[in-house]
Amino acid sequence: MKIDRALAPVGTLVTLSDRFEGDENPLGILSKGAVLIKDDEIVWVGKQDDVPSEFDLSEADIQDLSEDTVFPGFIDCHTHLVFGGSRANEFDMRVRGDSYLEILQAGGGINATVRMTREASFDELYDLGMRRLDAMLREGVTTVEAKSGYGLTLEGELRLLEVIQALNRDHVVDVVPTFLGAHTIPETFKTNPREYVDLVIHEMLPAVVERGLAEFCDIFCEEGVYDVETSREILEAARGRGLKLKVHADQLTASGGGRLAAELRATSAEHLEYLREEDIPAFKEAGTVAVLLPIAAMYLMMEKVPPVKSLLEQGVPVAFATDFNPGSAPCLSLLTTMTMAAILYRLPSDEVLRGVTVHAARAVGREARLGKVEAGFQADLAVFSVGDHRLVVTTFGGILPSRVMKRGRWASLSAPCEPIMTTL
Ligand code: NIG
Ligand code: FE
């Protein structure tokens, strides 16, 4: 087979592949490794000296990365990528003591962003989205999940999902679309929330599915937002229409969203600060990924941390994501998130790296194709000029990849200077 590109030797190759993993080598790390690429796919991975002769490297672009560390491209598996405006004022309110839910109940929070997003044109939202993806790619992030949820009308939600579709089409980063029509109760339905639930189930969901605009359905299951029974109804309707499920669960109170996610065999449940110990076995049984969002917890100045040790001990896949949004996590940086996850949850860097590769791939339903450097996987790679792979997690800022490969091609990297948030 004619090889297009070969990375050989690679000083430290972090494969995350089961083939190379063992008790002594939990991340499947190879030194003096090699990666062979054909089109957009990895076709062989191993030690440089073991490259089989069936591969013809005569016309391959061969890169010597003997001083570098190569990872699978990182996956940000929970973001609210597309919105207009910003909410710097709420940060100050929270610092003074107002809670996130109080601000939301008073018409701020998600509903404030809904108003600002409605004022932004399709093109403005698209341009912001492209810049945000540029900033993420600059950090070695090659796949991003993106939720709607700031439209909260039929047209508004479809418009956001169409922006997400256009971003996925035009940006080199893969964008995985999630319908989050049940992000909160919109202001106009405050006195009759049931009517909004019916709108989500009977009008939005069919329209979203018919247009093929989402792979996942998510919901904010929380006291005073969507209770467990309503969440169940909406999620079951979504599953009935073929969408996979995610749940914003047990973030601010122990409202039971985590248990619901596992009961419904959701792909993932997110936040989980208040997840109860007794609900953890159900996660394992259902294969539900626990997606932890340390930046949101930090911004909301929460002291409670998810039961991360128990989750890991019981074999639940634990992923980490930015939760990028204008309120609880105005942070595009997955690298910063990785460092925060290690510190807040007292985790070794290996566990954090697993959480933004293999486990994050599972959280976006792409575990057969993404998150490992392995034959048959998409050639998405992040190359860092460091000799010790742990530096990428344990250094707070200042370390960026020297190269990023997406679908077998080196991506051009530019840090955006134009704003990633707008002021209305
Ligand atoms: O994941 N918890 C609900 N939703 C988002 C916040 C969105 C916002 O505040 O605009 C979250 O934290
Ligand atoms: Fe979120």
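The values are calculated or read from the model by the stated rules, or taken from the named source; none is laboratory data. Since we're looking at a predicted model, the values are computed, not measured. Neighbour counts are summed over all protein chains in view; Cβ atoms, including those assigned to glycine, are modelled from backbone coordinates with ideal geometry.
Structure data summary
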| read-out | value |
| --- | --- |
| Residue within segment 316-328 that is surrounded by fewer than 19 Cβ atoms within 10 Å (Cβ to Cβ), of a type outside the set (S, T, N, Q) and assigned by TED's automatic domain parsing to the domain that holds Thr143 present | no |
| Exclusive hit being over 15 Å from Val45 (Cβ atoms), crowded, with 18+ Cβ neighbours inside 10 Å and touching a strand residue (DSSP E or B) at 6+ places or on another chain (Cβ under 6 Å), set Val404, Val393 | Val404 |
| Unique residue being aliphatic (A, V, I, L, M), in the same structural domain as Thr178 (by TED's automatic domain parsing) and at pLDDT 95 or above when the list is Leu81, Leu65 | Leu81 |
| Ile234 vs. criteria assigned to a helix (DSSP H, G or I), touching a Gly at 6+ places or on another chain (Cβ under 9 Å) and among the β-branched types (Val, Ile, Thr) | yes |
| Count - residues of segment 307-331 that are within 14 Å of ligand 2 (Cβ to nearest atom), part of a loop (DSSP other than H, G, I, E, B) and not small (Gly, Ala, Ser) | 7 |
| Residue within segment 97-104 that is modelled with pLDDT of 95 or more and of a type in the set (Ser, Thr, Tyr) present | no |
| Residue within segment 73-91 that is touching a strand residue (DSSP E or B) at 6+ places or on another chain (Cβ under 8 Å), away from ligand 1 (no atom under 16 Å from the Cβ) and in a strand (DSSP E or B) present | yes |
| Every residue from segment 329-369 that is among the hydroxyl-bearing types (Ser, Thr, Tyr), buried (at least 19 other Cβ atoms within 10 Å of the Cβ) and closer than 27 Å to Leu252 by Cβ | Ser333, Thr337, Thr339, Tyr345 |
| Scope segment 94-117; condition loosely packed, with under 13 Cβ neighbours inside 10 Å and part of a helix (DSSP H, G or I); matching residues | Val95 |
| The listed residue being aliphatic (A, V, I, L, M) and under 29 Å from Asp323 (Cα atoms), out of Leu36, Leu65, Leu16, Leu7 | Leu16 |
| Condition met for Ala166 (within 17 Å of the chain's Cα centre (by Cα) and either of a type in the set (Lys, Arg) or within 30 Å of Ala379 (Cβ to Cβ) (or both)) | no |
| Looking only at segment 251-270, and only at residues there that are within 12 Å of ligand 1 (Cβ to nearest atom) and either outside the structural domain of Ala341 (by TED's automatic domain parsing) or touching a residue at least 40 places away in the same chain (Cβ under 8 Å) (or both), the one that is farthest from the chain's Cα centre (by Cα) | Leu252 |
| Selection status of Val316, touching a strand residue (DSSP E or B) at 6+ places or on another chain (Cβ under 7 Å), within 16 Å of ligand 1 (Cβ to nearest atom) and in contact (Cβ under 8 Å) with a residue 24 or more places away in the chain | no |
| Matching residues, segment 118-137, being touching a Leu at 6+ places or on another chain (Cβ under 7 Å), within 15 Å of Met421 (Cβ to Cβ) and crowded, with 21+ Cβ neighbours inside 10 Å | Gly129, Arg132, Leu133, Met136 |
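Here's the yes/no breakdown for (1) among the acidic types (Asp, Glu); (2) in contact with a helix residue (DSSP H, G or I) (Cβ under 8 Å, 6 or more places away or on another chain); (3) free of Cβ contacts under 8 Å to residues at least 60 places away in the same chain:
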| position | (1), (2), (3) |
| --- | --- |
| Val358 | no, no, no |
| Arg362 | no, no, no |
| Glu367 | yes, yes, yes |
| His389 | no, yes, no |
| Ser402 | no, no, no |
| Lys406 | no, yes, no |
| Ala415 | no, yes, no |
